[in-house]
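The values are calculated or read from the model by the stated rules, or taken from the named source; none is laboratory data. Computed from a predicted model, the values in this text were never measured in an experiment. For neighbour counting, all protein chains shown are included, and Cβ atoms are generated from backbone atoms with ideal geometry for every residue, glycine included. Heavy atoms of the whole protein, side chains included, go into the accessibility calculation; ligands, DNA and RNA do not. Shrake-Rupley method; radii C 1.70, N 1.55, O 1.52, S 1.80 Å.
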Amino acid sequence: RSAKALNDKENTTAREILDGVVTLDPGYAEAFNRRAYVAFLEKDYAEAIEDLRRVLAIDRRHFKALGGLATILREIGDKRGALRVYRTLLAVNPHSADAKEGIKELEGEVEGLKI
């Protein structure tokens, strides 16, 4: 139901459904991940980060949550944090093109040129 609400651009409805899901099952990582996505769409980055941290507390290898967290950290200007999360994502999912690209783009900015 939350996916349909999101597809129909009914973010408030999606959030209400997901609020109910996480209340009923606070161990269901994907509900927090989807609620973080709704918060991200609404540019509520603090709420999105909080939900993504809950996801990662439940499942530290949740690669979608890691990717979302890295994206948000970049968006808010925390390049060092984003680089750290991209590296974690790459360790979890060595085929992640997003992680490889993020690391490539941020490494020089955050750590300087390597000689």
- Could you please give the count of residues in region 79-111 that are open to solvent by less than 30 Å² (accessible area, probe 1.4 Å) and either outside any helix (DSSP H, G or I) or not aliphatic (A, V, I, L, M) (or both)? 4
- Yes or no: A39 of a type outside the set (D, E), more than 22 Å from L106 (Cβ to Cβ) and surrounded by fewer than 15 Cβ atoms within 10 Å (Cβ to Cβ)? no
- Any residue in region 59-78 that's in a helix (DSSP H, G or I) and of a type in the set (K, R): show its pairings with residues that are modelled with pLDDT of 95 or more and open to solvent by 10 Å² or more (accessible area, probe 1.4 Å) at Cβ separation under 7 Å, as long as the two are six or more apart or on different chains. K64/N33
- Log entry, pairs with first residue in region 97-112 being farther than 10 Å from K79 by Cβ, second being not in a helix (DSSP H, G or I), beta carbons closer than 6 Å, six or more apart or on different chains, reads none
- Query: Can you pull out the residues in region 1-13 that are within 21 Å of D59 (Cβ to Cβ) and surrounded by 15 or more Cβ atoms within 10 Å (Cβ to Cβ)?
  - Reply: S2
- Item | Flag if R54 is more than 21 Å from T12 (Cβ to Cβ) and modelled with pLDDT of 95 or more | no
- Item | Residues satisfying the stated conditions in region 42-64, i.e. under 22 Å from A97 (Cβ atoms), open to solvent by 50 Å² or more (accessible area, probe 1.4 Å) and in contact with a helix residue (DSSP H, G or I) (Cβ under 7 Å, 6 or more places away or on another chain) | D59, R61, F63, K64
- Pairs under 8 Å by beta carbon, first residue over 23 Å from F63 (Cβ atoms) in region 14-36, partner outside any loop (DSSP other than H, G, I, E, B) and of a type in the set (S, T, Y), six or more apart or different chains? I17/S2
